[in-house]
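These notes are about the structure you will find just below.
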Amino acid sequence: MSATEVSDQVTSSFTPGDTSTCQHQLAIDGLRLALNKALIGKDDIVEMVLSCLLARGHLLFDDLPGLGKTTLAKAVAHAVGGRFARVQCTPDLLPTDITGFNMFDQKTREFEFRRGPVFSDVLLADEINRATPRTQSALFEAMAERQVTIDADTHRLSESFFVIATQNPVESHGAYPLPEAQLDRFAMKLRIGYPDRNSELAMLASNVGSSDGAVACDEAIIKPQQLRRLQEHVANVAVCKAIQEYLVDLGRVTREHKEITLGLSPRGLITWQRVAQARAHLCGRDFVTPDDIQDVARPVLEVRLSGDFDSADRAVEEILSSVSVPVLETQNRK
Amino acid sequence: MPASPTKALPRFDTLLLAMLAAGGLAVVRIEAAWHRGPVVAQILCELSAEIGLWALVRNCEAVREQGSRYLTICVALAVGFPIAWELGQRWSGQSGTANEITMLVSLQLVAMALAAFSFLPRLGGTSVLLSSFLLLFSTTMTTNRFVFAIAGVYGVLGLWWLMGAYWDRIEGVFVASSVERRIPVRASVIGVTGLVLLLFGSLVGAAGTSAVVLRGFMPTSGGNRWHDPYARSGVGDGDAMVAAKDEALSFGPVESDLFLDSEMPSLYDMFDDTYGEPPRPNKRQQKAVSLAPQDRKETEQRIAQTQRSGREFSMVRRRVERKREELSDRNAPAMLYVVGQTPLHLGLETYNFFDGREWTHVSGWEEVRSPKLDNRFGKPWIDVRRTVHASMFQGENCYAVKVINLKTNRIPAPPHLTELHIDLVDRVDFFDWTKDGMFQMSGREHIPQLTVIHLHSHGINLHPLRRGYDFSQSFTDEQLAKLSPYLQHAEQHKQTADAWVYDVPRGWLQVEAIVNRLRRDFVHDPDATAPSHCDDVVSHFLETRGGPDYLFAATAAMLLRSLKYPTRLVTGFYADPQRFDHRAGQTAVLSEDVHVWAEVCVDGRNWVTIEPTPGYQPPSENLTWKQRAMLAFAQWIDWCKQHLVSLSALAMVVAVLAASRLTWLDVIGLCVFRLLGLRSSEANLVWTIRLLEWRAWLAGRSRPRQKTIASWYSPMLDSARDELKPALRSFFRWSDHLLYSARVIESNHHDEVRSACAAVVAASRRKLLQSSITVSSSIPS
């Protein structure tokens, strides 16, 4: 039984004490339903996407074409009710194509700022590894600080700015792998994978009669302001000292692992904690458990660990196995 | 979770145990010191430095971060400083300490340093282990009761420490809790312990506890061979004089009036006291006839020989009136103190002629080689080694004998003496062989009181003689002529002897057959003396089948002589292993330990002791490792046979307990839960978690360390009854809440918690756990 299933079983009727946790449950359930409708048979991926969204992290999809990356990204954008922008990355894409640029207006004899796609609530950077490093780095400031600086002018982005980037792992010719510094800006990397047989059947059935060939969610479930409050609420989910020590120990293990050349950065550690908080919130809890840490470990670590390992799954498994979860001694360290 | 070094702190209990062990050693050091002031100051400095180091490590995070580096420096200092200090002291000529104490001080400082750095993994346990050894060594080096009291306190605290370490492990890490197959720890521990006990048993059990005392467990600075001016024991302890009232190894002075009121009995006095005096010849006028001149000449010659020898041992003695009850707590005066392997036969006189009533020595037994002086490390050793080495010799035995209250100039020596040493006696003409083959201090009336004699002798191993080899056929004519007095016997006993050795091949096996028959079928009865008119005490003894030890010895000797094995009667002392004082490491030999036994000549030069009297142990042999193992095994088998019923009962009980161990261990866990888990909701949850872990361990489904309670035990939901499932879900939620949430459980949820815990107790039966939690569950998802 996976930890997700366990959490589902355990949290299905969780009501101990805290009523504030349940205030946003309706919105979350709506988001969950909308995304599940867009991406059939991938509940666990949807949970991860929601965790990432609530943690204010950015998301990188690394998978084959046609598995629903763009569909899911668009569904997220529509569900949160914000502005959606899409950039199809190619080698000739310029940084200004993303951030925007100052254009000289002949009439007013002044420079006028034309906003790029980053000035949206959800930005889909499709096949980001096809853009040149110069263009990729244009996203650095936007992702990390939610602002862009053009010609000495700083422009704030949306508070709910959320980047979903996709990359195709098989067509490496003419691609520019994302540098580690940029990878660290993403909260997690997800692989959607092929759906199972029943899900594919359901997908085909839902496609019959649909004119545009894609099932999209056109209705906004929540507003950006509501999402922002949700994110603030997630930031207040309690993390006891023992859990933080557990996280730090895991981080140290990644740095001492013999096959990992670049371990977890402190920023990565903070991101991991925030995603685990979001995970706990999605499970209906107001505190983080080691299961939350473990559940989000693979997508969080996979995006930022680099090294000489054959399988990222195995490396993550080794890291988790090498640290004991805090159990009864936590009572003295809460 | 392996805590990072900077967070953990050195443990106080580890420091306390190290300090206790240091206290035990401090008593030994103070006791052994000539000037106590500097030693006390040194000890106080060491303890202060240790406490300072411990406090520094505890309070300074920078030191803890560099713990490994500082530890290396501290351990190097702990090992090197006492040695350097000792060398410096000796070089300056001020004073010195025995080598073993210097080594123990190093050990103590290392244990203390490790205690200060006990926050590092495994160092706390190592420190306690070293402290335990330190205290063990300290207890073997002194008889001071204070050290034993410290050892007792240490035992209690050590147990407490072990329990603490165990619970830390259980509560904190839950190490090795996966269900993978691995080396069975319990079986390994039991197996290794059994092996060690078996080895120890074969080592010590075959030789006796007293065998290892002289060499000791620690490398003494004196040892048995070399000299060290600051040694506490061994040959070389002459310079560091200590009080010699109780210790056999001390040369030091004692109060001069200690023995003023005690008499110095000779061996004959003790024989008379122990065995009774021989009857006086009847002085009444009797009728007589004159003898022919040739007959008269022969008789007078025989009397003259007897008188010339001046010694006889009568086999016909009056019965001793023994006291009805001896006070057990009254210390009888010791004749000798013996350090070394016991049982030990210390021969003083030998006899070779027996006339049916009395033993006398009639002809000289000339030893081929005169004693030689050998100077070794400045100490004089008298070498009495024979040039020819017999095949039965195996190794060398070392003894120290202190003469307390014995009036004889003969050296109470073990068989096969090779060399001896008396401090400051460096003249070989002080020693000489007696006419009956013993060693004596010639020119002296008796050995001075409190003289310590260090003795070395060949160890024997009789297995070569037992291989069907008839040693009596190997004597040369010259040896036979020399041994002829030792073969004199009466023909009437030959039939008995032949009957006793029927079907036994000639050689040592026949000797053992005679001895074993006597030990088995005859009763040792000190009061069953022969009647005064008896002219053939051996025949009388064979009829009555009981008597004192001298009759056993005489009978064995005469029966063996009738089988043409040369024998002689030996009188002396028997160092009884039952008198071995474990604390002092020595065996007292009292006046009632006078003893008579026999010896058999096996190669024309060497005499082998035989012990025909039941109740007295035969001389121990120096066995090879293989022989020891075989002997230990045989003894073990015999012991098992003797205790067959009780062993069977014990085995059944153990088998039942082992078969039902899971059940009663489960019951114990449940009882603890009931006892401690009902105080509050939190306690209820905590002890339910512990009970769950305990039951999972019993079921072989221990939680892997990377798994949480909820993720590992939630498969129980699949196999639990439907009515329990909601409560089980509730338990997992509340256990998470307890462990990882800062909020307390509100009172309105207490009933829910209680029912959830009750559901876990009901649903966590062993078989349910085994069926629901599978091995594959241990693989992280």
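On the beta carbon distance between residue A:210 and residue A:90, with R0 = 30 Å, the FRET formula returns roughly 0.55.
For region B:12-180, carbon and sulfur atoms together expose 70% of the accessible surface, with a 1.4 angstrom probe and every protein chain in place. Surface exposure of region B:55-109, expressed per residue as accessible area with a 1.4 Å probe, stands at 57 Å². Each of B:667, B:732, B:720 was placed along the dipole of region B:661-778 (beta-carbon charges, centred on the mean Cα), and the one lying farthest toward the positive end is B:667. Report D for region B:12-180 in µm² per second (integer): Stokes-Einstein, Kirkwood Rh on Cα pairs, 37 °C, 0.692 mPa s. It diffuses with D of about 194 µm²/s by this estimate. Counting only Cβ charges, +1 for Lys and Arg and -1 for Asp and Glu, the dipole size of region B:372-426 around its Cα centre is about 180 debye.
Among B:542, B:510, B:523, whose Cα lies farthest out toward the positive end of the dipole of region B:507-552, if unit charges sit on the beta carbon of Lys, Arg (+1) and Asp, Glu (-1)? Of the candidates, B:510 comes out farthest on the positive side.
Put the Cα centre of region B:495-556 next to the Cα centre of region B:331-409 and the gap is 26 Å. The Cβ shell under 14 Å around residue B:444 holds other residues with a net charge of 0, Lys and Arg each +1, Asp and Glu each -1. Among A:226, A:169, A:122, which residue has its Cα positioned farthest towards the positive end of the charge dipole of region A:23-236, with +1 placed on the Cβ of Lys and Arg, -1 on the Cβ of Asp and Glu, and the dipole taken about the Cα centre? Toward the positive end, the furthest listed residue is A:226.
Computed over protein heavy atoms with a 1.4 Å probe, the carbon and sulfur contribution to the accessible area of chain A reaches 50%.
Contact with the other protein chains removes 40 Å² or more of accessible area, compared with the isolated chain and a 1.4 Å probe, from these residues of region A:274-303: A:287, A:291.
In this assembly, the A-B interface accounts for approximately 3400 Å² of buried accessible surface in total, computed with a 1.4 Å probe and without ligands, DNA or RNA. Neighbours of residue A:27, meaning other residues whose beta-carbon lies under 11 angstrom from its beta-carbon, give a summed charge of +2 when Lys and Arg score +1 and Asp and Glu score -1. Checked against a 20 Å cut-off, the cross-linked pairs A:189/A:258; B:407/B:482; B:379/B:435; A:42/A:223; B:372/B:435; B:402/B:435 give Cα-Cα distances beyond that limit for A:189/A:258; B:407/B:482; B:379/B:435; A:42/A:223; B:402/B:435.
Around the Cα centre of chain A, unit charges on the Cβ atoms of Lys, Arg, Asp and Glu (plus for the first two, minus for the last two) sum to a dipole of about 740 debye. Helices in chain A, meaning DSSP H runs of at least 4 residues, each add -39500 (n - 2.57). Divided by all residues, the mean residue ellipticity at 222 nm is -13000 deg cm²/dmol.
Mind giving me the FRET efficiency for residue B:721 and residue A:267? R0 is 41 Å, r the Cβ-Cβ distance, nearest 0.05 is fine. Efficiency, from the Cβ-Cβ distance: 0.25. Taking each residue as 0.36 nm, the span from residue B:60 to residue B:655 lengthens on full extension beyond its C-alpha to C-alpha distance by 208.8 nm. Rolling a 1.4 Å probe over the heavy atoms of the protein chains gives chain A an accessible area of 44 Å² per residue. For residue B:520 and residue B:645, the difference between the fully extended length at 0.36 nm per residue and the C-alpha to C-alpha distance is 42.6 nm. Here region A:257-334 is treated with +1 on each Lys and Arg Cβ and -1 on each Asp and Glu Cβ, and its dipole about the Cα centre works out to around 420 debye. Here the relative contact order of chain A, from alpha carbon pairs under 8 Å that lie six or more residues apart, stands at 23 percent. Net charge in the neighbourhood of residue B:43 (other residues with Cβ under 15 Å of its Cβ; Lys, Arg +1, Asp, Glu -1) is -2.
The values are calculated or read from the model by the stated rules, or taken from the named source; none is laboratory data. Keep in mind that this is a model prediction, so the values were computed, not measured. With ideal geometry, Cβ positions are generated from the backbone for all residues, glycine too; neighbour counts draw on all protein chains shown. In case anyone asks, the SASA skips ligands and DNA or RNA and just uses the protein heavy atoms, side chains included. Shrake-Rupley method; radii C 1.70, N 1.55, O 1.52, S 1.80 Å.
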